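Participant: Handing you a structure now.
Rule-based calculations on the coordinates, nothing more; no lab input. This one's a predicted model, so the numbers in the text were calculated from it and none came from an experiment. Glycine gets a Cβ as well: all are built from the backbone with ideal geometry, and neighbour counts include every protein chain shown.
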Amino acid sequence: MLGLILKDLLCLKKSALKMAVILGLYIVIFSSANNIAFLCAMIIMISTMLILNTFAYDELSKWDYYALSLPVTKKQIVLSKYLLTVLFDFIGILITLLLYLIKRQLNLEAALSICALAAIALIMAAILLPLLYKLGTQKARIWMIMIFLLPTAAVIVLGNLVGNFGFHLTASMPSEGTIGLLIWVSLPVALLLYAGSYLLSYKVFLSKEI
Amino acid sequence: MENILQIQNLCKAYKEFQLSNVSFSVPSGSIVGFIGENGAGKTTTIKLILNEIKRDSGSVKIFGMDNIKDERKIKEQIGVVFDESYFHGEFNAGDISKIMSKVFQSWDNNLFDRYLTEFKLPKNKIIKEYSKGMKMKLGIASALSHKPRLLILDEATSGLDPIVRSEILDIFLDFIQDETHSVLFSSHITSDLEKVADYVVFIHEGQIVFDRSKDELIYNCGILKCGAADFARLDKSGFVRWRKGECGYEVLVTDREAAKRKYPNMVIDAATIDEIMLLYVKGEK
């Protein structure tokens with residue numbers, strides 16, 4: 001299992017530098033514009049892209065076919081991708097956290113947006129990964145764009161709601177407390193979805209004739 | 001002699017193709033050649049052995065264990081080489097070693113390095129820049145570096161030049177010097193098998209046609225050549241297959257000496273595995 005994760009990390013070694021540069025650039029642009037929420041969306045997008053890349057590399061070299069001749073089970077192959085996704089999301093959250101710290105904005109509002117970020121990242125992966133197993137990277141890519149559009153909008157809206165803008169609209173919007181609660185609850189829900197998604201992907205992969 | 005691999009009545013049905021009742025075994029200390037034309041069922045059989053696809057029925061025992069129940073234990077001791085490299089093109093041999101040492105408990109980095117030196121494979125060059133022969137050798141090096149007892153080769157020498165092929169065959173011969181090792185070698189390059197195989201298993205349209213010792217096959221089988229007029233007069237009961245060529249008939253007989261005694265005036269040559277395969281597939285009965 002460790003070998004599988006290591007394989008994906010080595011695989012991304014080359015593109016990692018490019019990604020780091022892009023990410024750095026975004027950080028500079030958006031954090032100076034005080035728009036960490038939008039940056040969050042960017043971070044999710046990049047980490048999801050990286051996962052998609054590992055799938056594309058696997059497809060290109062028919063890795064799964066070879067992997068199954070090694071002492072590695074189908075369960076481990078699927079699980080390794082899910083763990084890797086969590087790892088990337090975790091790194092993304094860490095970066096966001098650091099940004100808030102640097103900007104000395106780490107307060108309840110920031111904690112809420114980080115929580116929302118984690119939930120959205122997990123839910124997106126929960127949708128995307130089974131699609132990748134079922135359809136392959138080419139077709140799943142199109143789906144990914146659609147999956148991205150919704151949460152990117154959601155992150156911005158949520159970010160604004162939680163930010164100063166939302167507080168003035170308390171009459172027509174749910175109260176600050178309710179939104180907060182919703183976000184806190186969304187994380188365990190996302191985790192559950194993610195676990196369910198793993199089982200689904202495993203089932204798809206198991207029935208696939210490689 | 002103990003069987004390292006034993007397959008019994010293996011079946012797998014697809015819409016257009018069916019593997020039916022495949023049975024054969026690989027005794028320890030031997031190389032078994034697995035031959036058949038493209039699409040005959042060689043790769044399907046190997047995929048079933050490796051539990052990459054689900055079998056419909058039958059059993060596969062490796063080292064005396066069931067290939068599904070004890071999958072991981074078995075795969076720790078198997079080395080597999082396919083017809084192409086399935087490593088990512090961006091990797092170098094050093095990356096492979098890093099990954100494999102986490103995959104196999106018994107992976108030996110020093111042994112891998114020794115193979116790299118022996119095969120003249122540069123450690124820092126990326127695989128994409130390797131030649132086809134180098135890729136195959138890298139596949140073999142990584143299949144051997146966890147000290148497997150069984151090597152499974154799926155067309156591992158196809159597409160390679162004769163010099164690289166002969167080098168690779170030497171590696172396999174060296175591997176079975178240890179009597180507890182064996183090799184299952186699927187190929188349609190029958191001349192390679194003539195050099196190294198102890199047994200030949202021939203699969204055609206998803207069924208095993210024969211499973212025999214190579215020496216017995218080559219020494220006993222013969223091709224009787226005769227004209228159409230002679231052929232009409234012959235007793236066809238001892239004939240396995242025949243085929244009408246441009247200059248008369250070619251007939252496959254399983255007992256060359258007996259056929260020579262029976263037809264002292266006919267030309268009966270030794271048969272190569274190629275000719276035997278060809279007559280089985282294209283010949284009439």
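Participant: Under a 10 Å cutoff between Cα atoms, tell me which one of A:Ala154, A:Ala126, A:Ala116 has the largest fluctuation in the Gaussian network model of chain A.
Facilitator: Checking each option, the largest mean-square fluctuation is seen for A:Ala154.
Participant: Another question, then. Tell me the angle of helix B:109-118 to the major Cα principal axis of chain B, expressed in degrees between 0 and 90 and rounded to the nearest ten.
Facilitator: With both axes taken from Cα atoms, the answer is about 50 degrees.
Participant: Follow-up. What span do the alpha-carbon atoms of the stretch B:147-274 cover on each of the three principal axes, reported in whole Å from largest to smallest?
Facilitator: 58, 28, 28
Participant: Then there's this: Which residues in the stretch B:204-240 place their backbone N less than 18 Å from a point set 7 Å from the Cα of B:Lys285 along the Cα-to-Cβ direction?
Facilitator: Within reach of a label on B:Lys285: B:204-212, B:236-240.
Participant: Based on the Cα gyration tensor of the stretch B:90-140, what are the three equivalent ellipsoid semi-axes, each the root of five times an eigenvalue, rounded to whole Å and given largest first?
Facilitator: For the stretch B:90-140, the ellipsoid semi-axes come out as 18, 12, 9 Å.
Participant: Can you list the HN-Hα couplings for the stretch B:236-252, worked out from phi with the Karplus curve (6.51, -1.76, 1.60; θ = phi - 60°), rounded to whole Hz and with x for Gly and Pro?
Facilitator: 3J(HN,Hα) across the stretch B:236-252, in whole Hz: 8, 5, x, 8, 7, 8, 9, 8, 8, x, 5, 10, x, 9, 10, 10, 8.
Participant: Give me the net charge for the shell around B:Glu76: Cβ to Cβ below 11 angstrom, other residues only, Lys and Arg +1, Asp and Glu -1.
Facilitator: Working: positive: B:Arg72, B:Lys73, B:Lys75, B:Lys147, B:Arg149; negative: B:Asp70, B:Glu71.
Net charge in that neighbourhood comes out at +3.
Participant: Ok, one more. Over the Cα atoms of the stretch A:2-207, what Rg and Dmax result, in angstrom?
Facilitator: Spelled out, the Cα radius of gyration and Dmax of the stretch A:2-207 are 18.1, 62 Å.
Participant: Determine by what factor the alpha-carbon radius of gyration of chain B differs from 2.2 N^0.38 Å, reporting the quotient.
Facilitator: Details: Rg = 21.1 Å, N = 285, 2.2 N^0.38 = 18.8 Å.
Its radius of gyration relative to the 2.2 N^0.38 Å reference: 1.12.
Participant: Give the residue from A:Ile114, B:Ser145, B:Phe112 lying farthest towards the positive end of the charge dipole for the protein assembly as shown; charges sit on Cβ (+1 for Lys and Arg, -1 for Asp and Glu) and the dipole is referred to the Cα centre.
Facilitator: Selected residue: A:Ile114.
Participant: With each label point set 7 Å from Cα along the Cα-Cβ vector, what nm distance links A:Leu108 and A:Leu206?
Facilitator: Label-label distance for A:Leu108 and A:Leu206, simple model: 4.5 nm.
Participant: How big is the equivalent ellipsoid of the stretch B:1-137 along its three axes, where each semi-axis is √(5λ) from the Cα gyration tensor, reported in whole Å from largest to smallest? Mind dumping the intermediate values first?
Facilitator: Numbers: eigenvalues 193, 68, 40 Å².
In descending order, the three semi-axes are 31, 18, 14 Å.
Participant: Still on this structure: Which links in B:Lys12/B:Lys244; B:Lys47/B:Lys128; B:Lys75/B:Lys285 stretch past 31 Å when you go from one Cα to the other? List each step's numbers first, then the result.
Facilitator: Working: B:Lys12/B:Lys244 34 Å; B:Lys47/B:Lys128 26 Å; B:Lys75/B:Lys285 42 Å.
Going by Cα-Cα distance, B:Lys12/B:Lys244; B:Lys75/B:Lys285 fall outside the 31 Å limit.
Participant: Continuing with this model, one more query. Hey, can you grab everything whose amide H is under 5 Å from the amide H of A:Ser61? Only 5+ residues off in sequence or another chain; H modelled, so Pro and N-termini drop out.
Facilitator: none
Participant: Further question on the same structure: Could you give each residue of the stretch B:184-193 its phi-based ³J(HN,Hα) in whole Hz, using Karplus coefficients 6.51, -1.76, 1.60 with θ = phi - 60°, and x for Gly or Pro?
Facilitator: 10, 10, 8, 6, 10, 8, 5, 5, 4, 5
Participant: Work out the length of the dipole vector of the stretch B:18-158 about its Cα centre, built from +1 on the beta-carbon of each Lys and Arg and -1 on the beta-carbon of each Asp and Glu, and round it to the nearest 20 debye. Numbers along the way, then the final one.
Facilitator: Details: 21 positive and 17 negative charges, 61 e Å.
That gives the stretch B:18-158 a dipole magnitude of about 300 debye.
Participant: Past the 43 angstrom mark, what percentage of all C-alpha to C-alpha distances in the protein assembly as shown do you count? Walk me through the intermediate numbers first.
Facilitator: Details: 42153 of 122265 pairs.
That tail contains 34 percent of the Cα-Cα pairs.
Participant: Counting each DSSP H run of 4 or more residues in chain B as -39500 (n - 2.57), what helix-only mean residue ellipticity at 222 nm follows after dividing by all residues, to the nearest 500 deg cm²/dmol?
Facilitator: Numbers: 11 runs with 98 residues, N = 285.
Rounded to the nearest 500, it is -9500 deg cm²/dmol.
Participant: Ratio of alpha-carbon Rg to the 2.2 N^0.38 Å globular estimate for the stretch B:215-285, to two decimals, please. Walk me through the numbers on the way to the answer.
Facilitator: Values: Rg = 11.0 Å, N = 71, 2.2 N^0.38 = 11.1 Å.
Expressed relative to 2.2 N^0.38 Å, the Cα Rg reads 0.99.
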